[in-house]
Amino acid sequence: MRVDIHTHILPGLDDGAHDIKEALSLLRAVHSGGTEAAVLTPHFWTQRDRIDKFLYKRDQAFLRLTEAAKDIPVKLYLGAEVTFFADMLEHDLEALCIGGTNALLIELPASHYPPSAQKVFYGLKQKGFVPIAAHIERYQYILRQPEILDDLILCGALMQINADSLFSGGKMRRRMLGLIESKRIHFIASDTHSMKHRPPMLGRAMELVKKKLGAEVSEEINSYLEF
């Protein structure tokens, strides 16, 4: 089963789908691209929201979406894209995990590499979580110092890139394919927000990986979680 572990399809919660109509368009595109399941991962910012308040809003939106989307054959799971914060280990984060797993999708800061990142990722692993660093192709400090990936992987983290990074220019594509081939990328996801801004294209990305790196590599990508 092909699962897109990072989407912003759940309507009205963040900068993704604005309403049910837009969310349904995205789900139809997910299905037509050959993806069978999607994890709904709205942004969670601890600076802006309490976990319980976020979960209530998320669950209400999920109920509305599942009722409207019952004729679209895409299985839906709940999760969150959790913005990194230094005291993550002091919070109960289990309810933010990707549904049915112990995986926690984490967005690192865009501007700088947090000094506490390794400590937090290792601590999450020790507590039984599988931390997944979201869209690592966006972080210039990782592109400049790819050994950061190795440090985080040693701390128990898995790495995710966005599908569109494989279609955003030759240099970026080569860099991401190299990281996939060296087994430093564990997930490709769409991170879809709208049909105009980052549409679902996980299927295209997986076909590209299969063409460039072979069927064995493409089958291993996204196989690190059981749903």
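Before moving on, here are some points about what is shown:
- Among residues of the stretch 204-227, those that are under 14 Å from D4 (Cβ atoms), in a helix (DSSP H, G or I) and of a type in the set (V, I, T), counted: 0
- Candidate set from the stretch 46-85 (those that are in a loop (DSSP other than H, G, I, E, B) and within 15 Å of the chain's Cα centre (by Cα)); member that is surrounded by the fewest Cβ atoms within 10 Å (Cβ to Cβ): F84
- Summed over the stretch 19-36, the residues that are under 17 Å from E207 (Cα atoms) and either at pLDDT below 95 or under 17 Å from the mean Cα position of the chain (by Cα) (or both) give a count of 3.
- Residue check for R184: in contact (Cβ under 8 Å) with a residue 24 or more places away in the chain, more than 30 Å from S25 (Cα to Cα) and within 17 Å of the chain's Cα centre (by Cα): yes
- Residue check, H43 in contact (Cβ under 8 Å) with a residue 24 or more places away in the chain and within 22 Å of H91 (Cα to Cα): yes
- Residue selected from the stretch 1-23 under the condition without any contact (Cβ under 8 Å) to a residue 60 or more places away in the chain and part of a helix (DSSP H, G or I), by the criterion nearest to E219 (Cα to Cα): A23
- A Cβ distance below 7 Å, combined with a sequence gap of six or more or placement on separate chains, defines the contacts here; from the stretch 152-177, residues that are touching a residue at least 60 places away in the same chain (Cβ under 8 Å) and polar (S, T, N, Q) reach residues that are buried (at least 16 other Cβ atoms within 10 Å of the Cβ) and in a helix (DSSP H, G or I) in the pairs Q160/I136; N162/E137.
- First in the stretch 80-93 and at pLDDT below 95, second anywhere and crowded, with 16+ Cβ neighbours inside 10 Å and charged (D, E, K, R), Cβ under 9 Å, 6 or more apart: none
- Check on G16, buried (at least 20 other Cβ atoms within 10 Å of the Cβ), under 25 Å from L208 (Cβ atoms) and either among the hydrophobic types (A, V, I, L, M, F, W, C) or modelled with pLDDT of 95 or more (or both): yes
- Restricting attention to the stretch 186-203, the residues that are surrounded by fewer than 22 Cβ atoms within 10 Å (Cβ to Cβ) and assigned to a helix (DSSP H, G or I) add up to 1.
- Of the numbered criteria (1) more than 25 Å from A205 (Cα to Cα); (2) under 15 Å from the mean Cα position of the chain (by Cα); (3) at pLDDT below 95, the one G99 fails is (1).
- Among the residues of the stretch 19-45, just one is surrounded by fewer than 17 Cβ atoms within 10 Å (Cβ to Cβ) and among the β-branched types (V, I, T), namely I20.
- Residues that are among the aromatic types (F, W, Y) and under 30 Å from K127 (Cα atoms) within the stretch 156-194 comprise just one, F187.
- Looking across the stretch 129-166 at every residue that is under 16 Å from the mean Cα position of the chain (by Cα) and of a type in the set (S, T, N, Q), the one that is farthest from P114 (Cα to Cα) is identified as S165.
- Taken as a whole, the condition of being within 28 Å of Y56 (Cβ to Cβ) and at pLDDT 95 or above applies to A134.
The values are calculated or read from the model by the stated rules, or taken from the named source; none is laboratory data. If you're wondering where the values come from, they're calculated on a predicted model, not measured in any experiment. Ideal geometry is used to build each Cβ from the backbone, glycine not excepted, and the neighbour counts take in all protein chains shown.
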